[in-house]
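Each value in this text was obtained by applying a stated rule to the coordinates, not by laboratory testing. Owing to the predicted nature of the structure, the values given are computational and were not obtained by experimental measurement. Ideal geometry is used to build each Cβ from the backbone, glycine not excepted, and the neighbour counts take in all protein chains shown.
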Amino acid sequence: MTFEEYVASRGPALVRLARLLTGDEHRAEDLTQDVLSRAYVHWRRISRADRPDVYVRRMLVNANNSWWRRRSNRELAVDTFADRPQRGDLDGEVADRDEMWRLILALPDRQRAVLVLRYYEDLDDTTIAQILDCSPVTVRTHAMRAFANLRGRCGVPAKDGSRP
């Protein structure tokens with residue numbers, strides 16, 4: 001597969017992954033463009049790999065993590081929430097979704113990446129482990145900690161008396 005064919009077929013999915021990782025459409029496009037420009041230089045080596053898509057996704061996750069490390073100002077999450085709207089209220093559902101994304105964006109980088117790769121990219125733990133360069137057990141641990149973190153921030157009690 002040529003680089004142009006790869007970008008034509010996987011480009012929109014890479015931008016979507018970047019948008020979910022960054023929470024910002026414009027930053028996602030910039031991040032994807034940076035990663036693809038670096039991948040283009042090494043495309044012969046990347047395309048010979050068993051799964052070039054895993055390699056490029058790993059590049060995208062790593063580039064996002066590097067950007068967060070360099071970032072000088074971070075947003076602060078708040079613990080107070082507005083009243084919950086009634087079901088069927090489209091504005092309320094959008095507000096709920098936005099609220100959840102704010103909570104997800106406040107997660108540590110690895111936890112956020114695991115949730116995005118698992119639930120939005122629909123990848124299994126083994127593939128996520130390859131992308132994040134860790135073991136499948138570590139992927140499950142990050143997912144468990146992310147959910148505990150989200151439950152704690154939403155005020156949902158921990159199950160079976162375990163820690164939140």
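A full extension of the chain between residue 147 and residue 30 corresponds to an added length of 39.2 nm, given 0.36 nm per residue minus the alpha carbon distance.
Ranking 115, 138, 149 by how far each Cα lies toward the positive end of the dipole of segment 93-163 (charges on Cβ) leaves 149 at the top.
Once the chain from residue 44 to residue 101 is taken as fully extended at 0.36 nm per residue, the excess over their C-alpha distance is 16.8 nm. Extension gain for residue 37-residue 91 works out to 15.6 nm (0.36 nm per residue, less the C-alpha to C-alpha distance).
Distance between the C-alpha centres of segment 104-157 and segment 42-62: 21 Å, rounded to the whole angstrom.
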